[in-house]
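Engineer: Okay, handing you the structure first.
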Amino acid sequence: MANNYSHLLEPEQLASRLGEDNLLIVDLCSDQQYAEGHVPGAVHVSPGALMDGRPPAPGKLPTEERLSELVTLLGLGPNTHVVIYDDEGGGWAGRMAWTLDVLGHTAWSYLNGGLIAWAREGYPLETRTNVQSGEPRQVTIHQEPIAELDDIIRGLDTTELRIWDARSRDEYLGIKSPSKRAGHIPGAIHCEWTALMDPERHFRIRSDAGDYLANIGLTPDHDIITHCQSHHRSGFTYMVARILGYPRIRGYHGSWSEWGNRDDTPIETGAVGKSQ
């Protein structure tokens with residue numbers, strides 16, 4: 001994957017930009033990891049702040065009030081370039097990327113490999129707590145990046161829609177599920193989120209991600225909706241598609257916690273079509 005994508009930033013590129021005006025670095029690691037060490041200047045956002053938290057679908061988008069508080073806390077302005085990272089390969093960073101898109105703030109970049117690549121390659125860490133704040137802001141929700149259950153139901157019988165299931169293979173096959181019902185959305189293509197990470201390159205996005213996805217039928221010419229159990233793991237798959245320039249990618253924020261806890265949603269089990 002070439003590094004000319006505006007949504008992808010390598011550690012050496014970020015290192016040369018530390019301290020730049022209008023650059024906001026957002027750390028999505030655990031609270032403990034942030035305290036132990038983070039990218040200099042990074043402001044911490046606890047991952048739970050990105051989710052509604054209420055059952056049966058705790059991964060849904062928080063209320064506008066909570067999102068407005070988050071934007072105010074970050075001091076996010078219209079000209080702010082946001083750099084996002086975590087310490088797990090990109091799940092929470094991806095959820096933040098999706099959230100920013102939902103807020104209409106598309107000026108974001110993912111630190112490729114996150115804190116893993118940054119620290120292992122010898123870039124500096126700091127332990128002090130950074131605080132950023134701004135004038136109170138009221139957010140506007142943009143629906144384009146959001147997929148709802150009804151959007152999927154309407155698209156199941158079309159040829160345009162592709163459902164990208166980013167969960168584990170056992171969850172996809174229906175062998176296990178934390179929800180009331182197990183299985184997958186009919187016709188969904190399975191590609192576990194970790195399949196797009198390269199452990200040998202410090203968990204950067206794999207360099208052949210576009211070809212890998214095309215081989216299993218997830219191509220830019222389709223309308224793609226990605227999900228997992230709570231739109232955390234699929235935050236990463238959404239972000240990868242955005243970095244690759246997919247024009248029609250959405251995140252199903254209800255995910256399997258909504259779909260699998262209802263009695264009226266169609267479900268398949270076992271292997272269907274291509275899967276990775």
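Engineer: Quick one: work out the % antiparallel among DSSP beta bridges in the chain, nearest 5.
Structural biologist: 15 percent
Engineer: Just to confirm my numbers, what's the Cα centroid distance between the stretch 37-58 and the stretch 184-220 in Å?
Structural biologist: 24 Å
Engineer: Measuring from label point to label point, each 7 Å out along Cα→Cβ, what is the residue 180 to residue 125 span in nm?
Structural biologist: So the two model labels end up 4.4 nm from each other.
Engineer: So what is the relative contact order for the stretch 8-120, in percent, with contacts set as C-alpha pairs under 8 Å and at least six apart?
Structural biologist: 33 percent
Engineer: Rounded to the nearest 0.05, what FRET efficiency do residue 138 and residue 17 give with R0 = 25 Å and r taken as the Cβ-Cβ distance? Could you check?
Structural biologist: Numbers: r = 30 Å, r/R0 = 1.19.
Between residue 138 and residue 17 the formula returns 0.25.
Engineer: Same structure, new question: Counting pairwise Cα distances across the stretch 146-259, what percent come out greater than 21 angstrom?
Structural biologist: 31 percent
The numbers here are math on the coordinates, done by the rules we state, and not lab data. Only a predicted model underlies this, so the values are computations on that prediction, with no experimental measurement involved. Don't worry about glycine lacking a Cβ; one is built from the backbone with ideal geometry, like all the others, and counts go over all protein chains shown.
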